[in-house]
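The values are calculated or read from the model by the stated rules, or taken from the named source; none is laboratory data. What you see is a predicted model, and the numbers here were worked out from it, not measured in a lab. Cβ placement follows ideal geometry from the backbone for every residue including glycine, while neighbour counts extend to all protein chains displayed.
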Amino acid sequence: MLYGVQAPRRRDAQRNREAIVLAACDLMTSGRDAVGMPEIARKAGVGQATLYRHFPDRYAMTAAVIAHQVERLEACVAAAGQQPAAFRPMLDAVLRAQVTMRPLVHLARRLEPAVQGRYLRRIVALLAEPLRRAQEHGHVRRDLEPGDLILIFTMVEGVLEGTLDGELNAQAAAGRTIDLALDGVFRTR
């Protein structure tokens, strides 16, 4: 930093950072409970010093991965445009990502509550307009509010954490919960 102005990152540093975030995203969807920083560095093709230069701890990494996932959701919302019927597959994808990205969810729960709340509010805000459009076109019940999406996220999380029969049964139960919740929210024509 020179006189309060941050210099732009070198291209190789930008590439390394992107590779690290993508590797972390990939590993955090692998279905395992935990992902180590050394494993992320190996998958990204960088040394641990490079990884820690970009992300000093697992919480900085978690925030970066969540931010990347939120950017992906933004792109999905933008791509759906004015298509009201696109809301169901969009919400389904978000809920199923919650199931498959267990390492990320577990790390996200350890972030400060204010940080957790900020990301959750951003996700709900992104889904609010597609929800409204879907309601206007009769695809979604009229009484569903954007804040109710948090209840659905919480239900899925409760099933994942409360199922005692093992990982596969928890994922199957969460999948069934998602199907039931979406069937209760969306109208069939």
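Below are the figures for this structure:
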| quantity | calculated |
| --- | --- |
| Scope the stretch 16-59; condition under 17 Å from Arg109 (Cα atoms) and aromatic (Phe, Trp, Tyr); matching residues | Tyr59 |
| Glu157 surrounded by fewer than 14 Cβ atoms within 10 Å (Cβ to Cβ) and in contact (Cβ under 8 Å) with a residue 12 or more places away in the chain | no |
| Top-ranked residue in the stretch 50-82 [being in contact (Cβ under 8 Å) with a residue 24 or more places away in the chain and outside any helix (DSSP H, G or I); ranked as farthest from Ile152 (Cα to Cα)] | Phe55 |
| Filter pass, Val35 being in contact (Cβ under 8 Å) with a residue 60 or more places away in the chain, aliphatic (A, V, I, L, M) and not assigned by TED's automatic domain parsing to the domain that holds Ile123 | yes |
| Residue in the stretch 28-35 that is touching a Ser or Thr at 6+ places or on another chain (Cβ under 9 Å) and of a type in the set (Val, Ile, Thr) present | yes |
| Checking Val94 against (1) in contact with a helix residue (DSSP H, G or I) (Cβ under 8 Å, 6 or more places away or on another chain); (2) loosely packed, with under 14 Cβ neighbours inside 10 Å; (3) under 30 Å from Ala134 (Cα atoms), the condition it does not meet | (2) |
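Conditions (1) in contact (Cβ under 8 Å) with a residue 24 or more places away in the chain; (2) assigned to a helix (DSSP H, G or I); (3) under 22 Å from Gln69 (Cα atoms), marked per residue:
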site: Asp92; (1), (2), (3): yes, yes, yes
site: Gln98; (1), (2), (3): yes, yes, yes
site: Ala125; (1), (2), (3): no, yes, yes
site: Ala128; (1), (2), (3): no, yes, yes
site: Ala134; (1), (2), (3): yes, yes, no
site: Leu149; (1), (2), (3): yes, yes, yes
site: Ala173; (1), (2), (3): no, yes, no
site: Arg176; (1), (2), (3): no, yes, no
site: Asp183; (1), (2), (3): no, yes, no
